[in-house]
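Trainee: What follows is a single structure, and I will ask about it in a moment.
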Amino acid sequence: MSIQRVGIIGLGLIGSSLGLALRRGPDAPEVIGFDVSADNLHRAARSGAINRSCGTLAEVCAGADIVVLAAPVRAILELLPEIAPQVQPNTLVTDTGGTKAEVVRVGETALPGHAAFVGGHPLAGRLSAGVDQASGNLYQGAVYCLTPSPNVAAWGVDLAVQMVESIGAQPHFLTPDEHDALLAGASHLPYLASAALVNALMRQQSWGEMESMAAGGFRSASALVEADPTMWADVATTNAENITRQLDALIEELQELRGMVAVRDEELAARLRQAQESHHGWLARRGEAPSPAPVTSAAQPRGQSWTQRLLGK
């Protein structure tokens with residue numbers, strides 16, 4: 001079955017990049033889009049991410065071979081029953097949400113039997129979201145998780161694979177529960193750890209003095225907090241059990257490191273070296289080399305030179 005028309009609901013970074021990627025091939029389908037933001041619709045059309053914009057959910061679903069919900073998880077859960085009456089026979093409905101178990105459950109129960117739902121999650125993105133950051137190359141070579149249930153029609157899975165491969169991504173099949181358990185550690189925990197670091201430091205009274213010392217290391221470790229907080233709150237509330245387990249593992253490791261630091265344990269260097277070697281191994285399996293450590297200098301304290309600071313003037 002060839003893909004003639006794709007309807008995308010949600011035209012931020014992920015949705016607009018998908019539209020750009022779908023439209024660049026020689027056998028490109030027509031891509032139509034809907035967004036609650038008129039500005040997003042205008043920008044997506046101007047950038048070439050969509051052939052035309054739609055004013056209603058019914059319009060974006062009409063005649064579509066595939067309908068993609070490219071929205072935050074909570075919005076996807078609300079959209080699935082809302083579009084159910086509009087979805088036509090032999091339409092694949094899929095999504096790009098960061099958690100899958102609850103989304104797949106609602107997709108299967110809310111949509112009519114003449115449609116197919118296959119959960120999806122492209123492991124690609126940028127810290128700065130929005131249609132202006134969209135790129136037709138965003139998915140090139142990326143892992144694209146697909147989480148079909150055992151009950152989904154084979155034609156729906158085939159269409160999902162066809163779409164993923166057409167944008168240059170690599171389909172990766174797993175169950176919704178497997179997806180959520182694995183991503184809780186590999187994706188969700190790093191964001192929460194970054195947020196915890198920023199909050200732990202910036203709530204201290206000494207942060208006003210400390211911030212002028214913060215340089216490349218802090219910048220790298222805190223960068224993830226620039227991602228959309230609402231999106232990540234949705235992820236956390238729809239994957240709470242798995243994320244809680246990963247947070248417990250991180251807290252346990254931090255407690256062990258705290259203990260080693262407190263007693264000036266001479267094995268601390270070996271523990272840190274173990275982390276470095278494990279990281280190098282992960283990079284090597286990805287065919288990557290370690291990046292140089294950040295060397296950005298700390299900013300000069302406001303209003304005084306370093307000499308004045310040292311002299312107490």
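Trainee: Tally up the residues in segment 91-132 that are in a loop (DSSP other than H, G, I, E, B), hydrophobic (A, V, I, L, M, F, W, C) and modelled with pLDDT of 95 or more, please.
Mentor: 3
Trainee: Restricting to segment 137-187, count the residues that are farther than 16 Å from Val103 by Cβ, touching a residue at least 60 places away in the same chain (Cβ under 8 Å), more than 16 Å from the chain's Cα centre (by Cα) and crowded, with 21+ Cβ neighbours inside 10 Å.
Mentor: 3
Trainee: So, in segment 180-198, how many residues would count as being farther than 14 Å from Asn242 by Cα and in contact with a helix residue (DSSP H, G or I) (Cβ under 7 Å, 6 or more places away or on another chain)?
Mentor: 6
Trainee: Here is a further query. With the condition kept exactly as written, say whether any residue in segment 170-193 is assigned to a loop (DSSP other than H, G, I, E, B), at pLDDT 95 or above and not β-branched (Val, Ile, Thr).
Mentor: Yes, that holds for at least one residue.
Trainee: A further question on this structure: Got a sec? Which helices (runs of 4 or more DSSP H) wholly within segment 13-72 have at least 2 residues that are touching a residue at least 60 places away in the same chain (Cβ under 8 Å) and either surrounded by fewer than 20 Cβ atoms within 10 Å (Cβ to Cβ) or under 21 Å from the mean Cα position of the chain (by Cα) (or both)?
Mentor: Once the helices (runs of 4 or more DSSP H) in segment 13-72 are filtered for at least 2 residues that are touching a residue at least 60 places away in the same chain (Cβ under 8 Å) and either surrounded by fewer than 20 Cβ atoms within 10 Å (Cβ to Cβ) or under 21 Å from the mean Cα position of the chain (by Cα) (or both), what remains is 13-23, 38-47.
Trainee: Then there is this: Pick out the one residue from Gly217, Gly208 that is free of Cβ contacts under 8 Å to residues at least 12 places away in the same chain, surrounded by fewer than 14 Cβ atoms within 10 Å (Cβ to Cβ) and outside the structural domain of Pro122 (by TED's automatic domain parsing).
Mentor: Only one candidate passes the filter, namely Gly208.
Trainee: Looking only at residues in segment 211-242 that are more than 15 Å from the chain's Cα centre (by Cα) and among the aliphatic types (A, V, I, L, M), which one is farthest from Ala181 (Cα to Cα)?
Mentor: Met213
Trainee: Related question: Looking only at segment 219-253, which residues are among the charged types (D, E, K, R) and either touching a strand residue (DSSP E or B) at 6+ places or on another chain (Cβ under 7 Å) or not in a helix (DSSP H, G or I) (or both)?
Mentor: Asp228
Trainee: Then there's this: Would you mind telling me which numbered condition in (1) polar (S, T, N, Q); (2) surrounded by fewer than 14 Cβ atoms within 10 Å (Cβ to Cβ); (3) under 17 Å from the mean Cα position of the chain (by Cα) Ser194 fails?
Mentor: The single condition Ser194 does not satisfy is (2).
The values are calculated or read from the model by the stated rules, or taken from the named source; none is laboratory data. Worth saying up front: this structure is predicted, and the values here are computed from it rather than measured. Heads up, the Cβs are rebuilt from the backbone with ideal geometry, glycines too, and the neighbour counts pull from every protein chain shown.
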